[in-house]
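Structure record follows, encoded as structure tokens.
The numbers here are math on the coordinates, done by the rules we state, and not lab data. Predicted model only: the values in this text are computed from it and were never measured. Here the Cβ is made from the backbone with ideal geometry for all residues, glycine too, and neighbour counts use every protein chain on show.
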Amino acid sequence: MAAPGYGKRSAPGQLPRKRSDFEHLPPREASVAAHIDRLPDGAAIDTKTLARELPAYGQQAVRSALNALSRAGHLRRMRETVGEGRTQWVYRTYFSRTARDDAWWGAFLREGTPPGEAPGTEREPGRARPGPGPGLRLSGRTPSRSTGRPLSRPG
């Protein structure tokens with residue numbers, strides 16, 4: 001489990017789990033997505049932890065899979081500040097077994113509720129067009145702590 005307040009957060013309004021949830025993804029991405037989907041909320045889903053839990057894949061393979069899941073609309077990371085009177089940045093990671101489009105993720109992350117819904121209401125969404133969220137997806141542009149330059153090129 002991740003530290004309290006961190007780790008996996010499930011997006012609301014997902015369809016019930018079924019075998020075909022990730023069949024539209026390549027095998028590696030489908031395997032990583034299925035593993036994340038089975039984890040409870042609050043579970044650590046960083047690259048190092050997932051690479052330890054999935055021995056078939058190394059850290060770079062897991063990072064690439066997470067980037068692909070973000071582009072496919074299943075995963076979003078949002079950077080925000082925490083703490084009073086100081087600037088400390090953390091990433092909040094949201095996962096959905098139902099693929100969501102950029103507009104859905106953007107509205108959900110801004111408002112805290114799915115688009116078009118009042119807080120506390122449930123609906124059964126259809127499949128959305130997959131795509132990356134502007135500025136909200138994992139990118140290969142994570143800067144190196146020592147140089148400040150990107151560690152890898154975006155995928």
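Charge dipole (Cα centre; +1 on Lys/Arg Cβ, -1 on Asp/Glu Cβ; no other charges) of the stretch 7-61 amounts to roughly 100 debye. Name the shape class, rounded, prolate or oblate, that the alpha-carbon gyration tensor gives for the stretch 12-57, where a ≥ b ≥ c are the square roots of its eigenvalues, rounded holds for a/c under 1.5, and otherwise prolate holds if a/b is larger than b/c and oblate otherwise. Note, shape of the stretch 12-57 comes out oblate. Per-residue packing, averaged as other Cβ atoms within 10 Å, sorts the ranges 40-50, 11-21, 80-90, 96-106 into the order 96-106, 40-50, 11-21, 80-90, beginning with the highest.
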